[in-house]
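Each reported figure results from applying straightforward, stated rules to the coordinates on display, with no laboratory input. As the structure is a prediction and not an experimental result, all values here were calculated from the model. Cβ: placed from backbone, ideal geometry, glycine included. Neighbour counts: every protein chain shown.
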Amino acid sequence: MLIDGQWAEDFQPVQKKDAKGGFVRQPSQFRNWITPTGDAGPTGSAGFKAETGRYHLYVAYICPWASRTLMVRKLKKLEGVVSVSILNPKLTDKVWAFNGYPEAGSDPLFADDYLYQTYLRADKYYTGRITVPVLWDKQLNTIVSNESSEIIRMLNNGFGGLADNSINLYPLLLRDEIEQVNERLYHSFNNGVYRAGFATSQEAYEEACKEVFSSLDYIESRLATQPYIVESVLTEADIRLFVTLIRFDLVYHGLFKTNLKQIKDYPFTYAYMLKVYRLPGIAETVNIDHIKAGYYSIKALNPTGIVPLGLGNII
Ligand SMILES: N[C@@H](CCC(=O)N[C@@H](CS)C(=O)NCC(=O)O)C(=O)O
C-alpha cells in the first residue's frame, strides 16, 4: 500500500488482519457522487455533474467489486457516456498494471504503467490500498469514487436522462429490503469468501467458511420462491450477488478453500446465476480467463503461480 504517497510494503503478502487472524477489508477513501445537477451526494463534495465523456472507469475483470460497476454501466446503457479501461488481471508488487495481457488495455488518459499513478494524480500524499474500481473525473482530474457500492448507485440514478431509466436497480419501494439483503450478504458472502481465503488462522477460516455456506442456504431458500433475490425484479442486490456466484466454483472453491459445496449443488441458485449471466450485455462483463489468471496470481495464496485447468462448469 501507499503511505503519504510512498510505497510502504509489497502488496502481495500484506492484508490487514485482526487479533484472531481474520482478514479486515480497508474502507475506500474517495467518496464523492456524480449527480444530475452537480450537487453533492450523501458524502464528499459537490461539483461532479453527470456529463457525457467526462468520466472514466478503471476496472479489472478479475475483481467482483469492479465487475459490479461494469454490469450496471451495461444495464443502464452508459457505454457511450462513461469510458472504461481494463487492467492486467495479474497482480504485481505495485498492484494493478496496464497492458501486458490479452484484453488488458493501456491507460488512455495519461499513458501510465500502473494504477497507483492514477491515485497519486488525485492525491500525491495518498495513504491506502490501490483498489479497483476507480471512477475518474477528466475535468477536475481527480478520483470521484473508489467505492463500488456507491459507484453502482451513481450509475443507476446519478446520470438522469443520459442513462436508460427503464431499468431502476434501486427503486424507492424496495430500498429497505435491498438494504437488508445487502447487509445479510456483504459480510458473510461477498466479503465472506475473502475472509475465508485470506484467513491466517484455522479458527478465522472456519468461521468465515461456515458463514459463506449458511449464506448460500439463505440465498437458495429465497430463490426457491422468487425469481430475484429481492422480490421479482432485478435490483442492485442481484448485481452484488451475481459477481460472487460467478467466481465461486471457478476460484473461491479451490483457492479460497470455500469447498463444502459448489454453486451447481444449489439448483435454484445455479439456475438464477445462469439467468443473470444471460441478461443482455452481462456475459461481456465476465472474463473467465482474467478471473483465473488474476486470482491465481495472488502470491500469498499461490506462490507457484500455477493456474488450474478446470473451469468449474460455471456456464
Ligand atoms: N471497497 C472496495 C473494495 C475494492 C477491492 O478490494 N478491490 C480489490 C480487487 S477485487 C483490489 O483492488 N485489491 C487490491 C489491494 O487491496 O491491494 C469496493 O467495493 O470498491
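With a ≥ b ≥ c the root eigenvalues of the C-alpha gyration tensor of region 105-222, is it rounded (a/c under 1.5), prolate (a/b larger than b/c) or oblate?
Taking the square roots of the gyration eigenvalues as a ≥ b ≥ c, region 105-222 is oblate.
Name the GluC sites (Glu not before Pro) in region 30-114 that are in a loop by DSSP and that have at most 13 other C-beta atoms within 10 Å, would you?
E79, E103
Would you list, by chain and number, the aspartates and glutamates whose Cα falls below 20 Å from the Cα of K49, excluding same-chain residues fewer than 8 positions away?
Reachable aspartates and glutamates: D39, E79, D137, E147, E150, D164.
Estimate the FRET efficiency between L311 and D4 by the formula 1/(1 + (r/R0)^6), using the beta-carbon distance for r and 41 Å for R0, to the nearest 0.05.
After rounding to 0.05, the efficiency reads 0.45.
Label-point separation (nm) for E177 and K20, each offset 7 Å from Cα along Cα-to-Cβ?
Simple spin-label model gives 3.3 nm for this pair.
Restricting attention to region 18-92, which trypsin sites (Lys or Arg not before Pro) occupy a DSSP loop and are surrounded by at most 11 other Cβ atoms within 10 Å?
Filter output for region 18-92: K20.
Restricting attention to the alpha-carbon atoms of region 15-101, what are Rg (one decimal) and Dmax (integer), both in Å?
Taking only Cα atoms of region 15-101, I get Rg and Dmax of 16.1, 47 Å.
Can you pick out the pairs among K77/K257; K77/K299; K17/K94 whose Cα atoms lie more than 28 Å from each other?
Long pairs (Cα-Cα over 28 Å): K77/K257; K77/K299.
Add -39500 (n - 2.57) for each DSSP H run of 4 or more in the chain, then divide by its residues: what number comes out at 222 nm, to the nearest 500 deg cm²/dmol?
-9500 deg cm²/dmol
What residues qualify as long-range amide H neighbours of V95, i.e. H under 5 Å apart, gap of 5 or more or another chain, H built at 1.01 Å from N?
Result for V95 returns F11.
Calculate how large, on average over all directions, the projected area of the Cα convex hull of the chain is; give the answer in nm² to one decimal.
15.4 nm²
Run down the lysines and flag those whose C-alpha is under 17 Å from the C-alpha of K264, throwing out any fewer than 8 positions away in its chain.
The reachable lysines, counting only those whose Cα sits under 17 Å from K264, are K275.
If we count other beta carbons within 10 Å of each Cβ, what is the order of R240, R184, fewest first?
R184, R240
Given H placed on each backbone N at 1.01 Å, which residues far from V84 in sequence or on other chains put an amide H within less than 5 Å of it?
It is L57, by chain and number.
Given springs between every Cα pair under 10 Å in a Gaussian network model of the chain, which of G294, G158, G41 has the largest fluctuation?
G41
Taking 2.2 N^0.38 Å as the expected size of a compact globular protein, what ratio does the Cα radius of gyration of region 172-280 give against it, to two decimals?
Compactness ratio reported: 1.04.
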